[in-house]
Each structure stands twice: as structure tokens, then as C-alpha cells.
1. Give a residue-ordered list of calculated ³J(HN,Hα) values for region 194-207 (Karplus: 6.51 cos²θ - 1.76 cosθ + 1.60, θ = phi - 60°; whole Hz; x for Gly, Pro).
2. Non-local amide H neighbours of T96 (under 5 Å, H modeled in plane, Pro and chain starts lacking H): which ones?
3. Would you be so kind as to identify which of A87, H155, S145 lies farthest towards the positive end of the dipole of region 60-163, taking Lys and Arg as +1 and Asp and Glu as -1 on Cβ and the Cα centre as origin?
4. Within the chain, what percent of beta bridges assigned by DSSP are antiparallel, to the nearest 5?
5. Taking 7 Å along the Cα-to-C-beta vector as the label spot, tell me the S145-D92 distance in nanometres, rounded to one decimal.
6. Can you work out the Karplus-derived ³J(HN,Hα) for every residue in region 150-160? Use 6.51 cos²θ - 1.76 cosθ + 1.60 with θ = phi - 60°, whole Hz, and x for glycine or proline.
7. Give, as a single signed number, the net charge of other residues whose beta carbon lies under 15 Å from the beta carbon of R191, with Lys and Arg counted +1 and Asp and Glu -1.
8. For the ranges 52-64, 76-88, 92-104, what's the packing order if you count other beta-carbon atoms within 10 Å of each residue, average per peptide, and put the highest first?
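Every number in this text was worked out from the coordinates using simple rules, so none of it is lab data. Bear in mind the structure is a predicted one, so any value in this text is a computation, not a measurement. Heads up, the Cβs are rebuilt from the backbone with ideal geometry, glycines too, and the neighbour counts pull from every protein chain shown.
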Amino acid sequence: MHTLEEGLAELPLALSATQQQRLLAYLELLNKWNRVYNLSALRQLEEAIPYHLLDSLSALPTIDGGALPLSLLDVGSGGGQPGIPLAIARPDWSITLLDSNHKKSSFLQQAVIELKLANVNVVRARVEHYQHESYAWIVTRAVASLAKIVHLSRHLLAFDGRWLVYKGTYPSQELVDLPKDIRCIQVVPLRLPISRAERHLVCLGFR
């Protein structure tokens, strides 16, 4: 079975042994809660490492390269991806996990406590109703179309901020359908370690 360490080396991404242990502890906690609540369809470690951990962490080079203050909102965090892996990898970032589902937000809060994630805040609310000072980054994975994500969350993004949306195949039509005041800054194509799944990271901003 492929290990987390092998996957990180392929990204490539350097994380300490302690950080890797916390990432695996997060998967164990997620699997424990999965026995009662349906937080993820993935039950096996060999699937969870690439799709929950490595997929989430694949955004790090794009976010690390920005000059903006690193306040980040994970919209529709669900079982904690990508927000929790990003928080473990970058404890200096301020990360908010947002989800409207009571069971999922309860899990997120418990994960923050058990994993001692001092840089993470959990909010249970619908994104369109959530009011907060603007974030430098809004990230989301497998939630909605690009246009809908922008429509629902634009009030939460700083004017010079960025959306980073995890997509599978290249979202050609979704890019065409973006509002006129939104620009595509870059689309980063990836092949995830271990699974070889296709991934595109779409980075958007205001014009």
C-alpha cells in the first residue's frame, strides 16, 4: 500500500513527522465518525490518503505563492477537506471551516478540539447568509459550479482576494459562464499522487 510519505514526496511537499501523524490521526477520526454519520464515501486508507489528504494539500503551492495575508475560508467543508489538511500543513494560516449541516459541523468542531488546531474556526451557516470580514482566500471542493460559488460567496472575498476551486476535468463551459466582473487568473492541471486522478485548481479573482 502506498504511504502518505510517498505521496507527499511526489507532490512534492515537505511536512514534518508530527504533521504527517496529525494528518493520519485526522483520517482515523473521520473514519470513526463515518461509522455513525455519512461524512465520506471513502472507508479505506489507501483511498482516503490520495483523495482526502493529497488532493487537499495539492493547493499549497498555489496559495503559498500569493502575497496576500493568509486568511482562508473553506466553503462547504463537509468532512474537513480541504481545510483541515491545509490547517495542519500551515499552522500559521487562519482558517475558517464553513458548513450548514449540523452533523458535519459537529464533526469539524470535534476534529479541531482533538487535533488541537488552534488556527481553525468552525462556523455552521449557509455561505450566502454568513457575514464576516473579508477573506484573502476562499477555497471549495466539489460544491457547485464556478458561477454559483462566486455568486454565493463574493461578499466574503477581499477585493484583491482569490477563489481557489478544486475541479476534476477542465471546466471549459464553467469558465465561459463566469460573471463579467470575474477573471480567471490561472488553471493549474495536476495528476494526484497514488490515484493518478485528474485535478484542476481554478484560481479566480475580481477584475
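1. Here the 3J(HN,Hα) series is 6, 7, 6, 5, 7, 9, 10, 9, 9, 9, 10, x, 6, 6 Hz.
2. For T96, whose amide H was placed from the backbone, the distant partners under 5 Å are L72, L73, D74, N121.
3. S145
4. Of the beta bridges lying entirely in the chain, close to 40 percent run antiparallel.
5. 4.0
6. 4, 4, 6, 10, 4, 6, 9, 9, 4, 4, 9
7. Computed value for this residue: -1.
8. On the way: 52-64: 21.3, 76-88: 25.9, 92-104: 18.6.
Peptide ranking by packing, descending: 76-88, 52-64, 92-104.
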